[in-house]
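The values are calculated or read from the model by the stated rules, or taken from the named source; none is laboratory data. Just so we're clear, the structure is a prediction, and the values are computed from it rather than from any experiment. Cβ: placed from backbone, ideal geometry, glycine included. Neighbour counts: every protein chain shown. With ligands, DNA and RNA removed, areas are computed over all heavy atoms of the protein, side chains included. Shrake-Rupley method; radii C 1.70, N 1.55, O 1.52, S 1.80 Å.
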Amino acid sequence: LCGDLKMQVPFPFSLLCLQVIKCKAAVLWEANKPFSIEEVEVAPPKEHEVRIKIVATGICRSDDHAVTGALVTPFPVILGHEAAGVVESVGKGVTSVKPGDKVIPLFVPQCGECKSCLSTKGNLCSKTDLCTSGGLMSDGTTRFTCKGKAIYHFLGTSTFTEYTVVHESAVAKIDAAAPLEKVCLIGCGFSTGYGAALQTAKVEPGSTCAVFGLGGVGLSVVMGCKAAGASRIIAVDINKDKFAKAKELGATECISPKDFNKPIQEVLMEMTGGGVDYSFEVIGRTDTMTAALACCQCNYGVSVIVGVPPAAQKIAFDPMFLFTGRSWKGSVFGGKDLERCWKSKDSVPKLVADYMKKKFVLDPLITHTLPWTKINEGFDLLRTGK
């Protein structure tokens, strides 16, 4: 099958037979342009790499930030980072997964060797592409080519393609019975929002929360606040069409900044008699980040930035907000607290197991299911708040 191989010693068949795969992918050739469905070549996985057949992928606002340039990435690129699939082949030295395993790619890897991975206080592995935007594998090359041109990776995952290649540290094996079209959300949106409430903020029973932004991640924050026992969960969004879903998932009140003649932080301060215990910015705008901070109780309120900040923008705010005792935190992929954190490779399989035990739901977070060739239509739905 592999040609005229005359070997006298046993040798792993898969290592001999790995070939370049030709498949379809959604390539973004430049910023602010539609995705182009192209035939791409996906190279075999190298040492400690895994090639995955993508079965389902979600559209995340962070992908759109890359389209618009708010999140810096090199072009041309294959975006996508919230997905689930099946291992097609593995490179030399891979031990954690094998062909046929159901898996979720991890945009925050877990190498197990860097300071963050070895610490109980952090989960942002130094091998993540989130901060560097390099778009290449660890050896400095790409596994994608199209029309003779190298195509960059995105966040070490690149899931808008029929096949992708990731490092072994960026893939988690999950329950073989898990529905991939549901649990793909655990690859980013659900884990990020749910964990921001439970892990980063550590929302307490009886507390009051405000959630700015009711996309998939914001709704996951609402779910996390409810699971933590918050007594009031105030959902904030300019799109009132999202209010019914927010209430279904646990929001006790929903308000739109457009309905008031004063800053939304002042409205929230009045509604809560001095500010919320916990606030979450899940949009990725600097003005709502400062508003979320300002609406917290002045002495012990905690505000968490969950939305990806736009590149090259700075925040100006009154330092008195922090001087009086407020805390301002960031949260990546469910974040951390002082005692524990969600390490991606360890935590994703556990979250999938919890979903299979019906400890939380995912179906309400899925608004549309489209064939992936209609990816531009999907992004239009995202941008119009649908």
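Below is a table of values for the structure above.
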| item | result |
| --- | --- |
| Close pairs from the range 166-180: first outside the structural domain of Ser116 (by the TED database), partner crowded, with 23+ Cβ neighbours inside 10 Å and assigned to a helix (DSSP H, G or I), Cβ under 7 Å, at least 6 apart | none |
| Matching residues, the range 233-251, being open to solvent by 70 Å² or more (accessible area, probe 1.4 Å) and more than 17 Å from Asp287 (Cα to Cα) | Lys240, Asp241, Ala244, Lys247, Glu248 |
| Which listed residue is surrounded by fewer than 17 Cβ atoms within 10 Å (Cβ to Cβ) and of a type in the set (A, V, I, L, M), from Leu381, Leu351, Leu362 | Leu381 |
| Any helices (runs of 4 or more DSSP H) falling wholly within the range 263-328 and containing at least 2 residues that are free of Cβ contacts under 8 Å to residues at least 40 places away in the same chain and loosely packed, with under 15 Cβ neighbours inside 10 Å | 264-272, 320-323 |
| The range 43-76: number of residues that are touching a residue at least 60 places away in the same chain (Cβ under 8 Å) and in contact with a Lys or Arg (Cβ under 6 Å, 6 or more places away or on another chain) | 2 |
| Sole exception among (1) in a helix (DSSP H, G or I); (2) free of Cβ contacts under 8 Å to residues at least 40 places away in the same chain for Gly378, by number | (2) |
| Any hit, the range 299-306, residues being aromatic (Phe, Trp, Tyr) and under 25 Å from Gly195 (Cβ atoms) | yes |
